[in-house]
Amino acid sequence: MRRIFLFSELGELSPAKRALTGIPAALTSRVLRGTYLDCPIALPPDLVLLEPAPLRPVEPLGTLLANHPVLSRVPWLIVLDPENVHVAAGLTCADFVLRGFAAQELVVRVERLVGQRRVRESALRSGPLALDLQGHQATVDGAPITITPQEFALLRYLVQNAERTLSRDQLVQRVWGDAYTGSARTVDIHVRRLRVALGRQANRIQTVRHVGYRWLGA
């Protein structure tokens, strides 16, 4: 099922929440507090919707999303005040809607963005490895492999950055997120498990001594 994250400063009075309630998607609402965006690492959403309070400056939110370890890879839509519509040109949002929108307008915009993302990111391939990004299933030569959601997230990020050396700290930040407080060595544990699951493709995850790991692209 499609996953939509709504970050709103309007609480239960949120027009966006009312408009999207009942659509065929998993809608998760979070309170937008300052510039903190709480989002799961292993199961990123298909779309992020921001609903700031009226007349709040939105440029800092755009910067925050651009640097977020998870949400920077997710299309986002923002509710803008008609008085501030001129800032839309400088934002990296996939779309925007003006405050006072009709519920059906928001639903249509959301459906369009989610549909585009599903077509573009339904699968990721690297040689015999295929990642079903919607079903969170990995296969090698068509045969499913058993890995956890966190291992899937790590494998996905490695493959998306094929041939690029990634440090353990980079992987922790991008896959586990800033809220993670454990050791960066947890990456080594997950890599070992991934290699077991990948079988003959295990050597595609290359160890870069004293640095981290690299996915050997096809």
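Readers should treat all values here as calculations from the given coordinates under stated rules, not as data from a laboratory. Keep in mind it's a predicted model, so treat the numbers as computed, not measured. Don't worry about glycine lacking a Cβ; one is built from the backbone with ideal geometry, like all the others, and counts go over all protein chains shown.
Key figures
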| read-out | value |
| --- | --- |
| Among V108, L171, T21 the positive-end extreme of the charge dipole of the chain (Cβ point charges) | L171 |
| Kirkwood hydrodynamic radius over Cα pairs of the stretch 64-103, then Stokes diffusion coefficient at 4 °C and 1.567 mPa s, in µm²/s | 117 |
| Cα gyration tensor category, rounded, prolate or oblate, for the stretch 113-210 with a/c compared to 1.5 | oblate |
| Three-way shape call for the stretch 24-113 based on the alpha-carbon gyration tensor, with the a/c threshold at 1.5 | oblate |
| Charge dipole magnitude, Cβ of K and R +1, D and E -1 - the stretch 73-168, Cα centre, debye nearest 20 | 180 |
| J(HN,Hα) series, the stretch 25-31, from Karplus relation 6.51 cos²θ - 1.76 cosθ + 1.60, nearest Hz, glycine and proline x | 7, 8, 9, 10, 9, 10, 7 |
| Computed over the chain, the ratio Rg/Rh where both radii use C-alpha atoms and Rh is Kirkwood | 1.01 |
| Dipole in debye (nearest 20) - the stretch 123-215, about Cα centre, beta carbon charges: Lys, Arg +1; Asp, Glu -1 | 300 |
| Under the Debye formula (equal points on every Cα, no solvent term), log10 I(q)/I(0) of the stretch 141-196 at q = 0.13, 0.17, 0.20 Å⁻¹ | -0.32, -0.54, -0.74 |
| Cβ-placed point charges (K, R +1; D, E -1), dipole of the chain about Cα centre in debye, nearest 20 | 880 |
| Listed residue (A184, L198, I4) projecting farthest to the positive dipole end of the chain, Cβ model | L198 |
| Trypsin sites (Lys or Arg not before Pro) lying in DSSP loop within the stretch 141-218, provided at most 13 other Cβ fall within 10 Å | R164, R185, R209 |
